[in-house]
Amino acid sequence: MSGVLVLGASGHGKVVVDILLCQGVEVRGFLDDDPTTWGKTCLGLPVLGSIELYADYHPEGLALGIGDNEARRRVVQRLGSRAEGLWCDAIHPRATVATSVQLGQGVVIACAAVVNPDSAIGNYVIINTAATIDHDCAIGDYAHLAPGAHLSGGVRVGEGTLIGVGGVVAPGKAVGAWCVVGAGGVVVRDTPDRVIAKGVPARW
């Protein structure tokens, strides 16, 4: 069966479907582990069942529609080598991605996002609506830049970290792994791993 399956029939899943359709990609439907969604439709597409059933549909690709970083990681690890080669990127046609950017697999880049030259984006990363990444940044696997987040040049963001809505990281600073930068937070110094940083300037 042709088409891409989107894993996660959530709000973020809707965004991913819209991006894929704007790219001209055929979307077969959703898979979701919540049984209350099965048999329903989302954006006019069916929720076909649990994520474990993906192979039954012989999809051309899989796209991650899961916004939560840890939940996204669990799904990728659960499917493991069985899904190797199926993960596809969803990049909105109205996003700007420099030609020198290194992109991992399973990346989502939403409308009006900007990724500037010589940045490296890890696997299964979300760069959400109107988020910007300046030159020479490095974004770890499973990270998520929420809508309107902004990274200055040379920033490092660790694996699994969430930069919240409107969050800002100053030039050359590093945000550790599995951190949360709260909405509107401004990071002006390096943060350790696994902290919640919030405020202006951000404290943890």
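Using the 2.2 N^0.38 Å rule of thumb for compact globular proteins, work out how the range 46-142 stacks up: its C-alpha Rg over that value, please. Numbers along the way, then the final one.
Values: Rg = 14.1 Å, N = 97, 2.2 N^0.38 = 12.5 Å.
So the range 46-142 has a normalised radius of gyration of 1.13.
Can you give me the pair-distance distribution of the range 159-204, C-alpha pairs, 10 Å bins, whole percents?
36, 62, 2
Counting other Cβ atoms within 10 Å, keep those with at most 16, restrict to DSSP loop, and tell me which trypsin sites (Lys or Arg not before Pro) in the range 76-166 are left. Mind dumping the intermediate values first?
Details: sites: Arg78, Arg82, Arg94, Arg156; in loops: Arg94.
Counting only loop positions with at most 16 other Cβ atoms within 10 Å, the trypsin sites (Lys or Arg not before Pro) in the range 76-166 are Arg94.
Rank Lys14, Lys198 by accessible area, highest first, at a 1.4 Å probe radius?
Output order, biggest surface exposure first: Lys198, Lys14.
Taking R0 as 30 Å, what's the FRET efficiency between Ile196 and Glu60 from their Cβ-Cβ distance, rounded to 0.05? Show your work: numbers first, answer last.
Details: r = 39 Å, r/R0 = 1.31.
My answer for the efficiency is 0.15.
Which whole number in µm²/s is D for the range 1-47 by Stokes-Einstein, with the Kirkwood Rh taken over Cα pairs at 10 °C and 1.306 mPa s? Don't skip to the answer; put the middle values down first.
Values: Rh = 10.5 Å.
D = 151 µm²/s.
Kindly write out, for the range 56-66 in residue order, the coupling ³J(HN,Hα) from the Karplus curve 6.51 cos²θ - 1.76 cosθ + 1.60 (θ = phi - 60°), rounded to whole Hz, with x marking Gly and Pro.
Per residue, the Karplus-derived 3J(HN,Hα) values read 4, 9, 6, x, 6, x, 10, 10, 8, x, 10 Hz.
In degrees between 0 and 90, to the nearest 10, how far off the longest principal axis of the chain does helix 69-79 point, with axes built from Cα atoms?
With rounding to tens, the tilt is 40 degrees.
How much of the DSSP bridge set in the chain is antiparallel, in percent, rounded to the nearest 5?
Numbers: 3 of 43 bridges.
For the chain, the DSSP antiparallel bridge percentage is about 5.
Want the number for Ala112 to Ala174: 0.36 nm per residue separation, take away the alpha-carbon distance, what's left? Walk me through the numbers before you get to the answer.
Values: separation 62, 0.36 × 62 = 22.32 nm, distance 2.42 nm.
Gain on extension, Ala112 to Ala174, equals 19.9 nm.
Each residue of the range 106-112 in order: what ³J(HN,Hα) in whole Hz does its phi give by Karplus 6.51 cos²θ - 1.76 cosθ + 1.60, θ = phi - 60°, with x for Gly and Pro?
For the range 106-112, the Karplus-derived couplings read x, 8, 10, 10, 8, 4, 6 Hz, x marking Gly and Pro.
Per Stokes-Einstein, at 4 °C and 1.567 mPa s, what whole-number D in µm² s⁻¹ belongs to the chain, with the Kirkwood radius over Cα pairs as the hydrodynamic radius? Don't jump to the answer; show the numbers that get you there.
Working: Rh = 16.9 Å.
Estimated via Stokes-Einstein, D reaches 76 µm²/s.
Taking a 1.4 Å probe, which of Leu31, Leu48 shows the most accessible area, and what order do the others take after it?
Numbers: Leu31 0, Leu48 40 Å².
The ordering from most to least exposed comes out as Leu48, Leu31.
Suppose every Lys and Arg Cβ carries +1 and every Asp and Glu Cβ carries -1, with no other charges. What dipole size does the chain come out with about its Cα centre, to the nearest 20 debye? Mind dumping the intermediate values first?
Details: 15 positive and 19 negative charges, 109 e Å.
The calculation lands at about 520 debye.
The values are calculated or read from the model by the stated rules, or taken from the named source; none is laboratory data. The shown structure was predicted, so the numbers you read here are calculated from the model rather than taken from an experiment. Positions of Cβ are backbone-derived with ideal geometry, glycine not excepted, and every protein chain shown enters the neighbour counts. Keep in mind that these areas ignore ligands, DNA and RNA; they rest on the heavy atoms of the full protein, side chains included. Shrake-Rupley method; radii C 1.70, N 1.55, O 1.52, S 1.80 Å.
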